[in-house]
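Structure, as structure tokens:
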Amino acid sequence: MRKILLTLLFVLFGTTAYADGHCSKPSGSINILANDFPALRTFVETAKGCKGSADFKVTHSSEHNKIAVPALTANPSEFSARIAANSSIVPLMNQDLIRPMDDLVKKYGKGIQDSQLITIDGKVMAVAFMANTQHLYYREDVLKELGIPVPKTYEEVVAASEKIRASGKMQHPYAAAYKAGWNLAEEFVNMFIGHGGEFFKAGTAEPNINNAKGVATLNMLKKLASLSNPDYLTHDSEAIKVEWESGKVALMTLWASRSGTLLDDEGDAKITAATKLTGPATVGGGNIPAATLWWDGFTLAKNRSDSDAESTFIALAHAASNKKMVADAADQAVWLVEGFVPGPKSIGVIEAVKMGAKPYPMLPQMGLMHGALGSEIVEFLQGKESAEQALKDVEAAYISKAKEQGFL
Amino acid sequence: MPNKTFFWFFLPTGLAMILFIGLPIISTGIQSFYAQHDQVVKEVKKCDPFGCTVSIVVDQEATSILRDEKPLGKFNGFGTYIDRNHLAIEQISDFWKETDTFGEFINQVTNLPFYKALLFTLTYCLFVTPNVLLLGFIIALSLNAISRKIRGPLIFGTILPMIVTPLVGSLVLFWMIDAEGIIGANLQLMMEDPYLSLKSSRTLTWITIIIYGIWHHSPFAFVVFYAALQTVPQEPVEAAIIDGASRYQRIRHIVLPHIYPVVTFVALISLMDNFRVFEPIIGFSAEGSAQSLSWLIYDNLVNEEVILFGSAAATSMMTIIGIAILLAPVLIRTWKEFRTAR
């Protein structure tokens, strides 16, 4: 009993001593909105370690995108901070819902590296703390048994999957999140960028996808879909993760941030041991990967008192510069925080950066394009219309929405 | 009830209806005529962990001036109603000129989002409503004929689909018909086709959702019909039996005319409910193959990173008009009967 007490005391003492070193004890009220995956939970927990006397609340939700704009539009805003990514910061910027934080960075952001700052027009609008991308996962045992080298391009992924299918080992050897809507559109974005495509005519909001690159993109998506579970249009990242863990898939494109849950102790040990990570694939002879780079970072709500913003910043900056956190949770994410030593689970993102992957386009009208893609290319994948017709539909749907929103 | 008593009796409900239903509809109607201001954008330097680029952002200062002047946005009249994502007047007249055959024209039109959704919504209504009425009536008749001892538990079992939350019900079925699920996998085995998928084929998805709809809505019809059956007077039925009328003849000529007003009521409610079909599409993740008008509104409000208020409002208004048109024949008939009864 005494031993336990001593250990407890030691732990308590240890953490306070540590927190004292980095944290200037905020007060007031802190309320954070964030997506729901392990690395973000760790990040917010770490921030909570520096809550001082503040009232600390957090909402982790995979529906964060749907909540964010209405919740931050209210005045005072429901949340004092929102953990956003390249795409989700755009609607906040468009509606002028987040505040620049240059002063706060100067005052409290000692441990934050310059490379973590997201600056737009010279103002710091977000502080990034982790990077993410989609890359390839493969089953080493299956590929070895059939003598297939690790694929580097999507053409090789197709060839490898066809070989696995022909061997009779697996009926649907490939998986990617092709759920109609956001996920499917994201796969199109990746593949289109891999083909060297630009979504808009230079300097305008005019769409630019109905061309040879768009057609090649769609054809590749269709080929991959034909090698996937026939229900691919209803499968999101979580569903394909389950497929992988049941051993029915040998090649998969999935988020780097999910590698932790694939490689943990849960599930079949044989499959976990044979699960290997590699960089994202290229496509169509291009040299940049068919993937987009993402950052996750925190933003501060504009419609909230200055003192709450300050408290929130202190707590979140404590986490965004926390060497202990990145050391303890090194396998949960690719942290952008100083002191991070990349482990085996970070291979995907690091390879993507090395290969020169592009960040997800942070344009004000990109969300409308993404939305149009998610619903209009479905019929092509189902074999109901031609690639040209599908791309024409996407452009037409986008143009109507962009006109309503005043971009065209 | 004297009119005055009725007025005071109805007043609280009426006020609540105006406040919570009437005013929001008016507000939605007004919003549907407005679009966002023209976006003022500017080029800026943008830096993130992956490097610096020149990018475009919305110029907040210029935009806020515009917004303060006209907070509702830019007046757009029926612009949103007739654009490509709604009634698509222009596109349809183009298709009419460009296409050679009528089939091709219909194909092109049903490829437009609004008509695609309308087609599914109407198909769903047309298949689900009559089947719900029929199935509900048959169940009510059979249960009414069963010994009283076991009637209680049977009634409870029958209304279960209505008790189960729609989303939960559809999710359970969703996993069962997955290619790896119990129904999906067995269907593949039976058909000897490893590529068979209830979820990837449009026709099969529609059939699944329609069957689910019938399963989910029948208990409502059953409950109402069962209650109505209890009021059927026994004397004419007994007289008919003595006259040698068959079971079918008794139902056709005595029971049905008696419960006819109830049938109209159930038909009305079902039609309205089915026209707003929404939950099964989310539950079955079927947005790829089946979209309804309600789903379009949800999509505009929730799935987009930029909320399309104008679009959502326009679709809402058209859904209300759609329901009114669908209900018109039944309403007119009821009104006429009411007049002749007087």
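All of the numbers you see were taken from the coordinates with simple rules; none came from a lab. Keep in mind the model is a prediction, meaning the values are calculated, not measured. Please note: Cβ atoms are built from the backbone with ideal geometry, for glycine as well, and neighbour counts cover all protein chains shown.
Couple of notes before you dig in:
- Enclosed volume per residue, in Å³, of the convex hull spanned by Cα atoms of region B:250-342: 126 Å³
- By the Cβ distance rule of under 4.7 Å, chain B has these cysteines without a partner: B:Cys125.
- For chain B, built as a Gaussian network whose Cα springs stay under 10 Å, the top-fluctuating residue of B:Ser147, B:Ser316, B:Ser292: B:Ser147
- Beta bridges per DSSP, both residues in the protein assembly as shown: antiparallel share near 75 percent.
- The H on the amide N of A:Leu33, modeled in the peptide plane, is under 5 Å from the matching H of A:Thr59, A:Ala81, A:Arg82, A:Ile83, each at least 5 residues off or on a different chain.
- Lysine pair count for region A:82-229 (Cα-Cα distance under 23 Å; residues 8 or more apart in sequence or on different chains): 21.
- The ratio of the alpha-carbon radius of gyration of region A:259-398 to the globular-protein estimate 2.2 N^0.38 Å is 1.42.
- Note on chain A: Rg/Rh from C-alpha atoms, Kirkwood Rh, equals 1.00.
- Residue-averaged beta-carbon neighbours from other chains (10 angstrom radius) around A:201-213: 1
- Overall dimensions of chain B, expressed as equivalent-ellipsoid semi-axes from the Cα gyration tensor (√(5λ), whole Å, largest first), are 46, 30, 21.
- Over chain B: helical MRE at 222 nm, DSSP H runs n ≥ 4 each giving -39500 (n - 2.57), nearest 500: -21500 deg cm²/dmol
- Taking chain B and dividing mean pair separation by its residue count, relative contact order in percent (alpha carbons under 8 Å, at least six apart): 21 percent
- Sites A:Ala269 and B:Arg148 - FRET efficiency at Förster radius 56 Å, r taken between beta-carbons, to 0.05: 0.45
- Counting all C-alpha pairs of region B:19-113, share separated by more than 16 Å (%): 73 percent
- Normalised by the number of residues in region A:187-278, the average gap of Cα pairs under 8 Å and 6 or more apart makes the relative contact order 18 percent.
- Length-normalised contact order of chain A in % [C-alpha pairs under 8 Å, at least 6 apart]: 27 percent
- The protein assembly as shown: equivalent-ellipsoid semi-axes (sqrt of 5 x gyration tensor eigenvalues, Cα, Å): 50, 33, 30
- Between helix B:148-163 and chain B: long-axis angle, C-alpha atoms, 0 to 90°, nearest 10: 10 degrees
- Taking every residue in B:37-47 and counting other chain Cβ atoms within 10 Å of its Cβ, the average works out to 5.
- Relative to the longest principal axis of the Cα atoms of chain B, the long axis of helix B:89-98 makes an angle of roughly 90 degrees.
- For chain A, calculated [θ]222 nm from helices alone, where every DSSP H run of n ≥ 4 adds -39500 (n - 2.57): -13500 deg cm²/dmol
- Angle between chain A longest axis and helix A:38-48 axis [Cα atoms, degrees, rounded to 10]: 10 degrees
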